[in-house]
1. Would you point out the residue of the range 386-404, among those that are out of contact with any helix residue (DSSP H, G or I) (no Cβ under 9 Å at 6 or more places or on another chain) and aromatic (Phe, Trp, Tyr), that is surrounded by the most Cβ atoms within 10 Å (Cβ to Cβ)?
2. Give the residues of the range 407-423 that are closer than 12 Å to residue 350 by Cα and assigned to a loop (DSSP other than H, G, I, E, B), sorted by residue number.
3. Cβ-Cβ below 6 Å, separation at least six or inter-chain, first residue in the range 102-116 and within 13 Å of residue 43 (Cβ to Cβ), second assigned to a helix (DSSP H, G or I): which pairs?
4. Between 182, 203, which is in the same structural domain as residue 248 (by TED's automatic domain parsing) and not in a helix (DSSP H, G or I)?
5. Looking only at strands (runs of 3 or more DSSP E) that fall completely inside the range 1-96, which ones have 1 or more residues that are more than 15 Å from residue 114 (Cβ to Cβ) and at pLDDT 85 or above?
6. Just need a number here: residues in the range 405-422 that are buried (at least 18 other Cβ atoms within 10 Å of the Cβ) and under 32 Å from the mean Cα position of the chain (by Cα).
7. Can you name every residue in the range 323-351 that is of a type outside the set (A, V, I, L, M) and under 16 Å from residue 395 (Cβ atoms)?
8. Return yes or no: is residue 251 part of a helix (DSSP H, G or I), surrounded by fewer than 12 Cβ atoms within 10 Å (Cβ to Cβ) and under 30 Å from the mean Cα position of the chain (by Cα)?
Amino acid sequence: MSRKFITKAIDKFKTEETKFYDVIVYIGKEPDIKEFHSNFEILYDKSDYFKGILSNKDIEKKNGKYVIKEPNINPQVFDVITKYLSTGKINITNKTGIEILNIIITSDELKLNQLVKLAENEHQKFLKDDPVKIFQIIYYHKSLNNIKEFYLEMICLEPRILFDSAKFIDLPAPLLEVILKRNDLNLIEIEIWEYLIKWGLARDEILNEEVSKWNREKFKILERIIHEFIPLVRFYDISSEDYFDKVRPHEGIIPEKLQEENLKYYLIPGYTPNKYISRNCIESILINPKHTVYFVNWINGIIGKARYKFKLLYRASRDGNTAAAFHAKCDNKGATVVIVKIRNLDQIVGGYNPLFWDSSKTDKSTKNSFLFKFTDKNNLLSANVVYSKGDQYSVRCYVSSGPFFGFGDLYVNYYPDVWYSYIHSYPTLNLPSSFSADDYEVFQVIKI
């Protein structure tokens, strides 16, 4: 996207420097004060803030020119703003995220609403520059409320922008709390625990020693640091294996009552705390949590209102792109969603099997399976779905095949690694008759 914008207003002045000026604006503090020249009519017409100052009959004058002093504005920021005021253009091509934010904040203070909107259009770029510092600026400035919610959604959608930042350990506790409270944080829970431990350990250099060598005092120090965050970790979404390997070494910092609840969960089948709410996250390189909202709606469109979580069973690039690898990971796991990314396109396709995969060499009939596509995975409104006609070939289970929907409606041939789609058991989705895939994933659909 071009970062050179032109406003709707038609300016009387089109040169970058105002040749005639009757206003002197002093910007900044010693030793960094800069003098800017402008025109009364420009400032009066473009900015309600300056309009108020220039309307004051007691305004300072020097040699017949109006004098305005703004010690709290950055000269570099005002240089951009004054060019916008005189030309109606703003060029922020080479500005950093922090600089763009300062332009937005200052423009808001000067009541330059159009400039605020123009600069805000760059948020997708600048939010990824120094995410910790930018998060702090956005969160504590009321003028940035429009961006704040977008930023939180983006961080939750792509949390590693923040959590893998070298400055993550500098994130203030109140802001970490805001993130950890979100239900849409797209990290699996064991990752959240590990990031929390990393953040806590960085808070006190005495905790640098290997945890196996810690004494009771060091556990107390860490517990004090992250005490308020521990209840925000949803331990019931952590597998027993991960709990044993990754949580148990620091279990001494978990309150005894919560330890007891965790023990019940892992030892008593079907036990779930009353207030338990799972995060809407998904461990995928192909989709994000917003896609799963569509999956849930499509599933509920058949069987009623329910909530689900999606557990990654298989990824071809990770587990092996073979029928044997697929069946080893996915057989007898109940309902699943298959997601395929078409090579060199932003298109994803897939299907829902409400039954189960196995290697029984059988065909299965159901009206509850469906195929879907997102013509553009970045545009959720491009989604489309078709349901099985209910014939005997709705789902096919063969040891030599991967996921197989219909009598050829969507399936993969591992030799030569091509996906095919022929209309038979499902209405048409207008998929290519054959295509290669960048990758594909299979998720277990678990009712919660």
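The values are calculated or read from the model by the stated rules, or taken from the named source; none is laboratory data. Note that the structure is a prediction, hence the values are computed from the model and not measured. Every residue, glycine as well, gets a Cβ built from its backbone with ideal geometry; the counts of neighbours run over all protein chains shown.
1. Step by step, filter the range 386-404, then rank; the result is 404.
2. Initially, the range 407-423 is screened for residues closer than 12 Å to residue 350 by Cα, giving 409-412, 419-421.
Listed by number, the residues that qualify are 409, 421.
3. Going by the 6 Å Cβ cut-off, the qualifying pairs are 110/49; 111/48; 111/49.
4. Going through 182, 203 in turn, just one is in the same structural domain as residue 248 (by TED's automatic domain parsing) and not in a helix (DSSP H, G or I): 203.
5. 23-27, 34-38, 65-70
6. 5
7. Hits for the range 323-351 are 326, 327, 330, 331, 332, 333, 334, 336, 350, 351.
8. No; evaluated as a whole, the condition is false for this residue.
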